[in-house]
1. From the list LEU132, LEU110, pick out the single residue that is at pLDDT 95 or above and not in a helix (DSSP H, G or I).
2. Which condition number in (1) more than 21 Å from LEU158 (Cα to Cα); (2) in contact (Cβ under 8 Å) with a residue 24 or more places away in the chain; (3) not charged (D, E, K, R) is the one that SER104 fails?
3. Scanning for something at positive phi and either at pLDDT 95 or above or not in a loop (DSSP other than H, G, I, E, B) (or both), does region 278-300 turn up at least one residue?
4. When the residues of region 69-85 are filtered to those that are in contact (Cβ under 8 Å) with a residue 24 or more places away in the chain and surrounded by fewer than 19 Cβ atoms within 10 Å (Cβ to Cβ), which remaining residue is farthest from VAL272 (Cα to Cα)?
5. From GLY287, GLY298, GLY292, which residue is of a type outside the set (Ser, Thr, Tyr) and touching a helix residue (DSSP H, G or I) at 6+ places or on another chain (Cβ under 6 Å)?
6. Does region 140-176 hold any residues that are in a loop (DSSP other than H, G, I, E, B) and touching a helix residue (DSSP H, G or I) at 6+ places or on another chain (Cβ under 9 Å), and which are they?
7. LYS43 fails exactly one of the following numbered conditions: (1) in a helix (DSSP H, G or I); (2) under 20 Å from the mean Cα position of the chain (by Cα); (3) closer than 30 Å to LYS218 by Cβ. What is the number of that condition?
Amino acid sequence: MTLHLSKKTCQNNFLIQIIVLISNLYMVFLMVWSGLNHFFHDKWFWLFILNSFGIYLFIPFPIFIIFSFLFRKKSLYIVTVVTALLFTYFFASYFLPKPGWFESTNQPKLTVMTFNTLGANQSWENTGQVFLNSDADIIAIQELNSNIAKTIQEKLSLHYPYQALYPQEGTCGTGIISRYPIIEVEMDFTAPYWCPDPQVAKIDFSGQAIILINFHAKASSPTGITRINDENWIRQEQISEIIRYTQTLTDPYLVVGDLNASSLSGAYHSIVQIMNDAWSEGGWGLGHTFPGGNTPGGSRFKIAGYHLPQWLVRIDYIFLSSNWATQRTWIGNWDRGSDHRPVITTIFLK
């Protein structure tokens, strides 16, 4: 009996040692990844992929919490604490109440929406309804096709009398519709591979000129891993050009659109050194906007014959100059034709 118990105890101890080893390796992996993210951002394609899906690196965390309470090992407690601190650093702020939710103001409020409607979108009636249901004052559109542009012109002109629409087939269409007068529109950027150049619209918001920059950054191809480094460089160049442009502006501005990169990317990091992210300022939760349905022309690709789950990452953003305060930010209704969801925010000038 004693021999049998000793053998069982040895087996249990060996299992615990394996769990402790795996837990420590997991902690070291997270710490190394966090350091690489902080210092190198998207320097290598594999780091860009890890950053894009960084939230999912924490999936094992609850398991190790259970292990730490079951086995009461100091090393498991350390793993739990370190992992909790890293999760808090990267993501906890998305789940905290935001000051703007409770702030009242007499300042005029502006509601802005950005939506990549997908160039191949055939649900243009649904898309038009999404625009109306948003009750946004200004809507920036990426991948605007001719059918959606026609729907806007025929059915939304009373609601959005000011329009700057440049539809194209494929992914290079763009447009802005507004309840406020659009004074002028420019499209003259020089960074490589813009598709199309960002729209720069000066808009009269209750007597105050504001600038809205509607952009669509370079995408990374899921089937072209060897090209991801080049695509990251292009995206960074594009964002650097937008940042340089905003530094010439004296009016309040918004930079809205499809970044094609997560909030752990180098491009995002560059932007939020200069501007505020409306989701961080007024949203709740992860705010994932991509990928959507299995629509033709969409980006929800398959792995081993199975489609990726929906809404894995956040790549659509509304960035604000420091003149703005954010009251609330949320995800709009999905039109079931795009592979993105819209982002909407209500803001006011300080």
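The values are calculated or read from the model by the stated rules, or taken from the named source; none is laboratory data. Everything quoted here is computed from the prediction, not taken from an experiment. All Cβ positions, even for glycine, are placed from backbone atoms using ideal geometry, and neighbour counts span all protein chains on display.
1. On inspection, the qualifying residue turns out to be LEU110.
2. All conditions are met except number (2).
3. yes
4. By that ranking, first place goes to PHE71.
5. Answer to the selection: GLY287.
6. If the condition is that a residue be in a loop (DSSP other than H, G, I, E, B) and touching a helix residue (DSSP H, G or I) at 6+ places or on another chain (Cβ under 9 Å), then LEU144, ASN145, LEU156, HIS159, TYR160, PRO167, GLN168, GLU169, GLY173 are the ones that fit.
7. (1)
Conditions tested, residue by residue: (1) modelled with pLDDT under 95; (2) aromatic (Phe, Trp, Tyr); (3) in a strand (DSSP E or B); (4) not assigned by TED's automatic domain parsing to the domain that holds LEU118.
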| residue | (1), (2), (3), (4) |
| --- | --- |
| ILE239 | no, no, no, no |
| ILE242 | no, no, no, no |
| GLY257 | no, no, yes, no |
| SER262 | no, no, no, no |
| GLN310 | yes, no, no, no |
| ARG341 | no, no, no, no |
